[in-house]
Amino acid sequence: MSDDHAAHAISAYSSRINTTPHLDRIAEGGIRMDAAFCTNSICAPSRASMLTGTYNHVNGVTTLDTHLDNSLWTFPQDLRASGWQTALFGKWHLGHGDGHDPTGFDHWRILPGQGHYHNPVFIDSEQGIVERGGYVTDLITDDCIDWLDDRDTERPFALFCHHKASHRTWEPDAAHFTMYDDVEIPFPDTFRDDLAGRADVVQSVRMKMLDLDPIIDLKSTVPDGLTLDEEIDWRYQRYIKDYLRVVASMDDNIGRLLDYLDEHDLTDDTIVIYTSDQGFFLGDHGWFDKRLMYEESLRMPLLIRYPDQIGPGSTSDQIVTNVDFASTILDLCGLEIPDHVQGRSFAPVLRGEDPADWPDSMYYRYWMHNDGAHACPAHYGVRTRTHKLICYYNDPLDQPGARGPANPIEWELFDLVADPLEVDNLAGRPGSEAITAELRAELARVQADVGDTPYPA
Ligand code: CA
């Protein structure tokens with residue numbers, strides 16, 4: 001798993017801005033999921049949903065400030081109890097100490113919080129604080145390979161390789177430092193989106209190129225004499241090149257792990273899963289970051305290789321979410337799925353089956369109302385195969401740190417077939433009454449189905 005790695009920066013997903021030959025090996029040997037979505041596009045909540053198989057209103061990790069209670073069930077616990085050797089290396093970001101340490105792992109070594117790209121400190125389950133020299137993506141991979149070398153080869157294993165990359169502040173390693181120096185990275189189609197017609201609270205989100213910090217994010221000062229448009233273009237190039245350099249290093253290291261499996265005759269009998277905790281805006285709509293329910297942020301990369309059960313080079317457009325991961329992994333491993341788990345196994349979908357009752361929609365909720373830095377509003381919504389309805393309920397009641405007066409409720413409605421780039425908000429538009437009514441009913445249905453409730457405003 002990686003952090004903030006958008007599907008549209010993977011060549012297996014037809015990236016226009018980079019190539020990822022090693023991630024593509026997973027796709028070529030297995031399945032590319034084209035409609036995998038997170039149910040809350042931010043780090044800690046998405047990770048909590050994956051581990052617990054539940055939505056954030058159930059597992060309690062609704063924001064970055066709510067750590068995972070490690071008395072909760074997580075699927076690695078069942079793997080370990082069933083004889084799997086288990087380990088986690090890298091980013092955890094669900095708190096540590098005081099009831100938040102990882103559980104279900106024979107061994108774990110995590111970064112404190114976000115951790116650092118260069119010379120990072122780790123917290124080890126046996127050794128405590130461990131200071132390391134080197135680059136974080138290399139070190140996490142080294143630890144994974146060392147652990148594989150030391151494991152009992154007679155027993156199954158479940159290894160969680162959790163990269164910090166490609167999270168802000170995108171600091172490349174020496175090997176990729178000058179990559180892309182002499183090229184211009186293509187701009188996304190919606191780079192100049194003026195956000196006209198979108199919700200007011202979306203237009204005021206502070207995730208624009210001008211909101212990147214020149215020193216911290218772009219590692220430079222803004223050159224003199226640029227027009228505003230030229231400065232925005234310059235910012236994008238600085239931002240996206242470092243993002244892609246960090247991704248390139250990660251792709252190389254994923255190649256090392258895949259090579260290890262090949263060299264040790266493990267490939268045919270190992271499930272390899274690549275995902276990221278959510279997507280990311282790569283200049284799309286003029287933004288960086290995530291949080292919003294727009295496609296680039298909502299979509300998770302999800303590549304799964306398992307030669308025993310999954311046909312090579314396959315794809316699926318069935319809707320699956322991060323809440324389904326725990327059930328799916330247990331199912332593929334032949335273990336029982338506990339009754340309390342909300343997610344559903346999509347193992348049949350991976351095998352190419354077409355379950356008649358598979359869901360045609362998914363529920364999303366971003367809770368972290370106006371965190372101050374990104375000014376992103378809380379919202380919930382539903383995505384079907386063809387449409388998306390989003391409600392920005394916009395009431396700062398009960399939201400510590402929220403600023404400014406309460407905004408009115410606002411809606412966005414997109415026809416994803418006619419308008420896949422989501423630039424034409426149909427909410428309130430004459431002629432959209434019927435589809436609006438249908439989607440509002442579907443939103444209420446999926447919200448009730450997962451046990452969440454409308455915001456009391
Ligand atoms: Ca993340």
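The values are calculated or read from the model by the stated rules, or taken from the named source; none is laboratory data. Because the structure is a prediction, the values reported are computed rather than measured. For neighbour counting, all protein chains shown are included, and Cβ atoms are generated from backbone atoms with ideal geometry for every residue, glycine included. Keep in mind that these areas ignore ligands, DNA and RNA; they rest on the heavy atoms of the full protein, side chains included. Shrake-Rupley method; radii C 1.70, N 1.55, O 1.52, S 1.80 Å.
Looking only at region 70-89, count how many residues are assigned to a helix (DSSP H, G or I) and either modelled with pLDDT under 95 or over 22 Å from the mean Cα position of the chain (by Cα) (or both).
Residues that pass the stated criteria total 5.
Being closer than 22 Å to C161 by Cα, open to solvent by less than 30 Å² (accessible area, probe 1.4 Å) and either touching a strand residue (DSSP E or B) at 6+ places or on another chain (Cβ under 7 Å) or within 16 Å of the ligand (Cβ to nearest atom) (or both) is not true of L244. With the requirement that a residue be open to solvent by 10 Å² or more (accessible area, probe 1.4 Å) and within 16 Å of the ligand (Cβ to nearest atom), what does region 1-23 give you? Correct list: M1, H8. Considering only residues that are among the hydrophobic types (A, V, I, L, M, F, W, C) and open to solvent by 10 Å² or more (accessible area, probe 1.4 Å), look in region 247-300 and name the one that is nearest to R351 (Cα to Cα). Filtering region 247-300 for residues that are among the hydrophobic types (A, V, I, L, M, F, W, C) and open to solvent by 10 Å² or more (accessible area, probe 1.4 Å), the one nearest to R351 (Cα to Cα) comes out as I271. Taking the listed residues E412, E422, E442, E433, the one that is outside the structural domain of T63 (by TED's automatic domain parsing), at pLDDT 95 or above and open to solvent by 70 Å² or more (accessible area, probe 1.4 Å) is E433, with no other qualifying. Among the residues of region 308-328, those that are farther than 18 Å from A12 by Cα and either touching a helix residue (DSSP H, G or I) at 6+ places or on another chain (Cβ under 6 Å) or within 16 Å of the ligand (Cβ to nearest atom) (or both) comprise T321, N322, V323, F325, A326, T328. Name the single residue, out of those in region 24-45 being assigned to a helix (DSSP H, G or I) and under 16 Å from the mean Cα position of the chain (by Cα), that is nearest to the ligand (Cβ to nearest atom). In this case the residue turns out to be C43. Looking at region 244-331, the strands (runs of 3 or more DSSP E) lying wholly inside it that each contain 3 or more residues that are at pLDDT 95 or above and not β-branched (V, I, T) sit at 302-305. Looking across region 260-277, just one residue is touching a Lys or Arg at 6+ places or on another chain (Cβ under 7 Å) and among the charged types (D, E, K, R), and that is D277.
Reported count of residues in region 355-395, each being over 13 Å from L443 (Cβ atoms), open to solvent by 10 Å² or more (accessible area, probe 1.4 Å) and touching a residue at least 12 places away in the same chain (Cβ under 8 Å), is 15. Does region 211-233 hold any residues that are exposed (fewer than 11 other Cβ atoms within 10 Å of the Cβ) and not in a loop (DSSP other than H, G, I, E, B), and which are they? Of everything in region 211-233, those that are exposed (fewer than 11 other Cβ atoms within 10 Å of the Cβ) and not in a loop (DSSP other than H, G, I, E, B) turn out to be L228, D229. The single condition among (1) farther than 24 Å from L303 by Cα; (2) within 16 Å of the ligand (Cβ to nearest atom); (3) open to solvent by less than 50 Å² (accessible area, probe 1.4 Å) that H67 does not satisfy is (3).
Put simply, of I185, I140 the only residue that is open to solvent by less than 30 Å² (accessible area, probe 1.4 Å), more than 20 Å from the chain's Cα centre (by Cα) and within 27 Å of T20 (Cβ to Cβ) is I185.
Answer with yes or no whether D259 is within 16 Å of the ligand (Cβ to nearest atom) and either free of Cβ contacts under 8 Å to residues at least 40 places away in the same chain or not assigned by TED's automatic domain parsing to the domain that holds L23 (or both). Against the criterion (within 16 Å of the ligand (Cβ to nearest atom) and either free of Cβ contacts under 8 Å to residues at least 40 places away in the same chain or not assigned by TED's automatic domain parsing to the domain that holds L23 (or both)), D259 does not qualify.
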